[in-house]
Amino acid sequence: MNASIQPAISETAAPSPVLFEQRAAGNGRRIGIATLNAAATLNGLSLQMAELLDEQLRLWAEDDAIALVVLQGAGEKAFCAGGDLHGLYRGMREYQAGGGGDIRNNHQASEFFRTEYRLDYRIHRYPKPLLCWGHGIVMGGGIGLMAGASHRVVSERSRLAFPEITVGLYPDVGGSWLLNRVPARAGLFLALTGAPLNASDAIYAGLADHHVPEARRAAVLTQLSDEAWSGEAEMDRQRLTALLQAHGEPAPAGPLRQHAALIERLCDGEDLASIVARIQALDGDDAWLTGAAKTLAAGAPGSARLGFELQQRAAELSLADTFRVEYLVSLQCAAHGDFAEGIRALLIDKDRTPRWNPPTLELASAGWAAPFFIAPWPHGEHPLSDLDVSTQVHA
């Protein structure tokens, strides 16, 4: 049964970027399945996709017949490789061509980040079991979609990362809050280096819950339809946990856990320059560590500073307040930071030689970062001011 918000599709119409389906389950309940349907772009999250998904999740939350929701991605390569950087780049160029000024005048970035963050926060506080199948590449905006789900599955193909330093941004979509909770200060290491995580390390970092082989996805979905769901959220969450555990397998330890003690020493202290210097001094035969050091060396110094400052602040913030701060800083990055330059170098001109400004960490000081946290709207009028700070989120 197709979801009600999907329009009729003619033979010549482009396929919807998100597909919605309902499957009958036991006890008269139904399973809602949402599939990101842009495999050619690795299911990169566009504004339209976020709007469609947010509306359907709202409808399913209000439908007593829907017992649980599944979120997955089409294709074999990725659940979601991030946000729509091409669309954001076009918006940044239009904003600059119009003279810049007030960051709220960047309408594309304002609407995209507002919609994306609301969607991600909805997932964090979703009232029903929500299973996210994070196969293949899960980066940036993909982690934003996955992080708040009550049940987060990774497989042998999963590769999670926060690679924003390579495009002049920082780990947003709640990343400042999430990375603060990674053991042994490894969250800062991940923000600075964009180092990829396999299934085991994703679970160790608190970004996933279950390792289930990709070949078992169809069997899991079939069993979801066979279950007699109660309609009582906590009971059904427990039932879903047991089902996934029955299909799960242990995953071999990954490099983040293997190097946990070293990473904790590298990221010790509160002086960012010293931390960066220690990471960049890494050498040896470990490809994961040396790759992390190279990514940091080539990344935007301003992104390193902003990621560090945001993690410092998020340590004392609720998730909702973190989204509010990140929304502000993301708009500042789209207006004044290296975000447009990073996208240009990676995806537009593809010369891979970004001209970062500031060009060094010494110039990307705490004082340089301070204006990124100055809001243009009066107190109480933040576009995300109505996020429910009292709602319990999934740990």
Any idea what diffusion coefficient region 67-166 gets from Stokes-Einstein, in µm²/s, Kirkwood Rh on alpha carbon pairs, 20 °C, 1.002 mPa s?
144
Taking r as the C-beta separation of ALA315 and SER225 and R0 as 45 Å, the FRET efficiency to the nearest 0.05 is 0.60
Kirkwood hydrodynamic radius over Cα pairs of region 129-232, then Stokes diffusion coefficient at 4 °C and 1.567 mPa s, in µm²/s:
91
Which one, ALA320, LEU306, LEU272, projects farthest toward the positive side of the charge dipole computed for region 236-336 from Cβ point charges (K/R +1, D/E -1)?
ALA320
Using a Gaussian network model on the chain with a 10 Å cutoff between Cα atoms, which of PRO213, PRO171, PRO15 fluctuates the most?
PRO15
Rounded to a whole %, the carbon-and-sulfur portion of the accessible area of the chain at a 1.4 Å probe is 51
Rounded to whole Å², per residue accessible area for the chain with a 1.4 Å probe reads 41
Mind telling me which of GLY187, GLY206, GLY28 comes out most flexible in a GNM of the chain, alpha-carbon contacts under 10 Å?
GLY28
DSSP beta bridges in the chain: the antiparallel percent, rounded to 5, is 30
Using alpha carbon positions and the Kirkwood radius, the Rg to Rh ratio of region 1-132 is 1.03
If you take the C-alpha gyration tensor of region 198-317, multiply each eigenvalue by 5 and take the square root, what semi-axes do you get, largest first, in whole Å?
39, 19, 12
Over the residues of region 259-395, compute the C-alpha Rg and express it relative to 2.2 N^0.38 Å.
1.21
Among LEU188, LEU243, LEU331, which one moves the most in a GNM of the chain with springs linking Cα atoms closer than 10 Å?
LEU243
So if I take the alpha carbon set of the chain, get Rg, then get Rh from the Kirkwood formula, what is the Rg over Rh ratio?
0.96
Can you find, among HIS124, LEU160, ALA25, the residue farthest towards the positive end of the dipole of the chain? Put +1 on the C-beta of Lys and Arg, -1 on that of Asp and Glu.
LEU160
Label-point separation in nm, ILE374 to GLU156, each point 7 Å along Cα→Cβ:
5.5
Net length gained if the chain between ARG23 and ALA253 were fully extended (0.36 nm per residue, minus Cα distance)
79.2 nm
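The values are calculated or read from the model by the stated rules, or taken from the named source; none is laboratory data. If you're wondering where the values come from, they're calculated on a predicted model, not measured in any experiment. Positions of Cβ are backbone-derived with ideal geometry, glycine not excepted, and every protein chain shown enters the neighbour counts. Keep in mind that these areas ignore ligands, DNA and RNA; they rest on the heavy atoms of the full protein, side chains included. Shrake-Rupley method; radii C 1.70, N 1.55, O 1.52, S 1.80 Å.
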